[in-house]
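Please treat every number below as a calculation from the coordinates, not as lab data. On a predicted model such as this, the values are computed, not experimentally measured, just so you know. Note that we place each Cβ from the backbone using ideal geometry, even for glycine, and neighbour counts take in every protein chain shown.
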Amino acid sequence: MPRLPKRRSGTDFTPLQSRIMSDRLRALSEQVVAVSLVSPLGLGCAAYAMLGVVPRERVILWLIIAGLAHATAIALGLIYLRRPRSPAENGRWIHLFTVRALLTGASWGASTVIMWPTDRFEYQAVLVMFLVGFSTISTLTNSALRRCVVASALGTWVPAIWRMATSSDPLHQTIAIMLLTFTVIILASMLRFSRQLLEATRWRFENAELAENLQIEQSRVDAANRSKSRFLAAASHDLRQPVHALGFFLQTLRLTAERPQPERAKLIEVARQAQGTLNGLTGLLDTLLDFSRLEAGTVPADLQPIPIKPVLVTLAQQFTERARRKGLKLRVRPCVLSVRSNPVGLQRILGNLVENAIRYSDRGGVLVGCRTRGNQLLIQVWDTGQGIPPDELDEIFEEFYQVNAPPPKPGSEHGLGLGLSIVKQLADLLGHQVTVYSRVGKGSRFTVTVQLCDSEVENPTLGPLTLSAFSPAVAGYLLVIDDDDDSLDSQRELLEQVGYRVLIARSADEALAFAPVKSKQIAAIIADYRLAHNRTGIEAIELISRGHGRPIPAMIVTGDTDPERIEQLSHCGYPVEHKPLAPRTFLRKVRQLVNRPRE
C-alpha cells in the first residue's frame with residue numbers, strides 16, 4: 001500500500017499533508033459534535049444504573065466530570081467548524097483534539113474510580129459493559145485521526161484495567177486480561193481502519209490535484225496550439241510576401257535585360273529592391289533559426305570582453321537604410337567602452353530590439369545609446385512607436401505573442417512574435433537583464449544591462465568588405481555537394497565568379513564516383529546535410545576523406561532547423577551554417593575554411 005510522505009519534523013507538514021490534515025480535522029469535528037450531542041443519553045443510563053449501589057453524590061460528581069468533557073468536545077468541534085482554518089493551524093488543532101479525546105475517554109474511565117460498586121459483581125459487569133460500548137463508539141468517532149483513537153482508548157481503559165489487575169480476586173484479574181486483549185484488538189483494528197481512511201483521503205486529493213494539473217496542462221496546450229496556429233498563419237503570410245515580391249522583381253529584371261538597349265540604372269534599382277526584399281526574408285528565417293537553436297540548447301554562452309563600438313557600428317550599417325525607407329531616422333550614439341558578453345548573442349539581442357523599434361514606429365525615429373551605472377553598461381533602444389499597453393508588458397517576451405495594437409499601416413513590416421522571446425532567452429543565457437518602459441502612443445524604451453569590463457579591448461577595424469577580400473588563395477577544387485539544383489548552381493556560380501575552381505555533385509555516390517580522380521586537388525568540401533538516398537553530408541565527407549587517406553576541410557550548409565537536428569549537428573565536428581546564408585558571409589566562411597591549417 002502506498003505510504004504518505006513522512007513529515008520533516010514536528011508539525012511541519014508538506015502541502016499535500018496539510019490539505020489531508022485539514023480534511024481529516026473537519027471530518028473529526030463533525031463526527032465529535034454529532035456523537036457528543038447524543039452523549040447525555042449514555043451518561044444518564046450509566047448514572048441511573050449505578051444509583052442503587054453507589055452514593056448519589058458520587059454519581060452526580062461523575063456526571064459533572066463526564067458532562068464537562070463532552071461539552072468541551074462539542075464546543076471545540078463547533079469552534080473549528082465555524083470558519084475555514086489555515087493549514088498553518090493544523091498542528092495546534094491536532095494537539096487540541098488529542099487532548100479532547102484523552103479527557104473524554106478519561107471521564108468515562110473515571111467511572112471505575114468514582115462509581116465502582118464494591119462487592120457487587122453484577123453492577124461491575126454493567127459498568128464495564130457501558131465502557132465497552134463507549135469505547136467502541138469513541139474509536140469509530142475518532143477514526144479520522146489515529147492519535148485521537150489511541151488517546152481515547154487509553155483514557156477509557158487504563159483506570160479500569162488497573163483497578164481489576166490490582167485486585168486480589170482471580171476473577172477480576174482474568175477480566176483485566178480480557179479487557180487488555182480487547183483494547184489491543186480494537187486499537188489495532190481501528191488504527192488500520194484509520195490508516196485506510198487516510199489513504200483514501202490522500203488518493204482523493206491526489207486525483208483531484210492530478211485532474212487540476214491535467215486541466216491546467218490542457219489549457220496550456222490549447223493556448224500553445226492557438227499561439228502556434230497564429231504563428232503559422234503569420235509566418236506563412238510574412239514568408240509569402242517577400243517570395244511573391246521577389247518573383248515580380250526577377251521577372252522585371254529579365255524583361256528589362258532582354259530589351260535591345262536595357263536601362264542600366266533600372267536594372268540596378270530593381271536589383272537593389274530585390275536585395276532589400278531578400279534581406280527581409282533572410283531576417284525572418286534567421287529569427288526562426290535563432291528560435292530553433294534556443295530550443296535545441298546549442299547557443300553557446302561563452303562570455304568574453306568585447307568592445308561595444310563594433311556592435312553599434314554594425315547596427316547602424318544594418319538598419320539605417322531600412323529605417324530610411326519607412327521615413328524614420330536611426331541614430332546610434334558611439335560608445336568606446338567594453339563589456340563582458342557574447343558578441344554574436346549581444347548583436348542579435350540589440351538587432352532584434354532595433355528591428356522591433358523600426359517595425360512598430362511610423363514616425364519620428366529610433367535612438368540607440370549607452371549610459372553607465374556603477375560597473376554596468378545600460379544599452380538602450382528608444383523609439384517613437386505605438387507603445388505597449390501596461391497590461392501587456394509582462395507578456396511581450398512570450399513566444400508568438402504580438403501586441404494587441406491597431407493594425408500596421410499598409411506597407412509596414414510584420415513580425416512573427418518571436419523577436420522579443422529570443423531577446424529574453426538570449427539575455428537570460430548570457431546573464432544580461434532586459435527591461436522595458438513604454439507609454440501608449442508615445443513610444444518605448446528597452447534597456448539591456450551588461451557588465452562592464454575592467455580591461456580595455458582593442459577595437460577591430462570595420463570596413464566594407466571588397467570582392468578582393470574573397471579571392472581564393474588556394475590551389476585545387478572546391479567540392480560542392482547538394483541535391484537541390486538551384487542551390488547547387490547558385491553556389492557554383494558565386495564561387496566561380498570570385499575565382500574558385502568548383503566540382504559539383506548531386507549525391508554522395510556521385511561525389512564518390514569522381515572524387516578519387518581529383519582527390520589530390522580537392523581543397524575543401526561544402527555539403528548539404530540531407531542528401532539523396534537517405535545519405536547525409538557528414539557521411540559523404542567522411543567517406544571521401546577515408547577514400548584518399550587524409551582529412552579534407554569541410555563545411556555543412558543546411559536548411560534543416562529542427563531543434564533535435566541542430567543539437568546533433570553541433571557535435572558533428574564540422575562548421576555548420578544554415579540557409580539562407582548571405583553571399584558575402586558564405587564567401588567569408590569558405591575563405592576561412594580553405595585557409596584553415598591542415599592537420
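Under a 5 Å amide H cut-off, with hydrogens placed 1.01 Å from N, I522 pairs with Y477 among residues at least 5 apart or on other chains. From least to most packed, judged by other beta carbons within 10 angstrom and beginning with the fewest, H533, H578, H95 follow the order H533, H95, H578. A cut-off of 5 Å between modelled amide H atoms, ignoring neighbours fewer than 5 places along the same chain, links L330 with V366.
For region 109-156, what does the alpha-carbon gyration tensor say about shape, rounded, prolate or oblate, given a ≥ b ≥ c as the root eigenvalues, a/c under 1.5 as rounded, and a/b over b/c as prolate?
Verdict is prolate for region 109-156.
On the basis of the beta-carbon distance and an R0 of 25 Å, R501 and L250 show a calculated FRET efficiency of 0.30.
Region 100-137 and region 305-371 have Cα centres separated by 89 Å. For region 469-594, the antiparallel share of DSSP beta bridges with both residues in that region comes to about 5%.
Which whole-number percent of Cα pairs in region 15-215 have a distance greater than 22 Å? Tail fraction, whole percent: 52.
Residue pairs exceeding 32 angstrom between C-alpha atoms, taken from K326/K424; K266/K326; K442/K579; K266/K579; K309/K442: K442/K579. Counting every other Cβ atom within 10 Å of each residue's Cβ, W382, W62, W108 order from fewest to most as W382, W62, W108.
Debye calculation, C-alpha points only, no solvent: report log10 I(q)/I(0) for region 469-594 at q = 0.16, 0.22 Å⁻¹, in the same order as the q values. Values returned for q = 0.16, 0.22 Å⁻¹ are -0.72, -1.44.
Sequentially through region 582-590, phi angles give Karplus couplings (6.51, -1.76, 1.60; θ = phi - 60°) of 4, x, 5, 5, 4, 5, 5, 5, 5 Hz, Gly and Pro residues having no value and appearing as x. In a fully extended conformation the segment linking D23 and L393 would gain 129.2 nm over its present Cα-Cα distance, using 0.36 nm per residue. Remark: F397, F248 ranked as F248, F397, counting other beta-carbon atoms within 10 Å and listing the fewest first.
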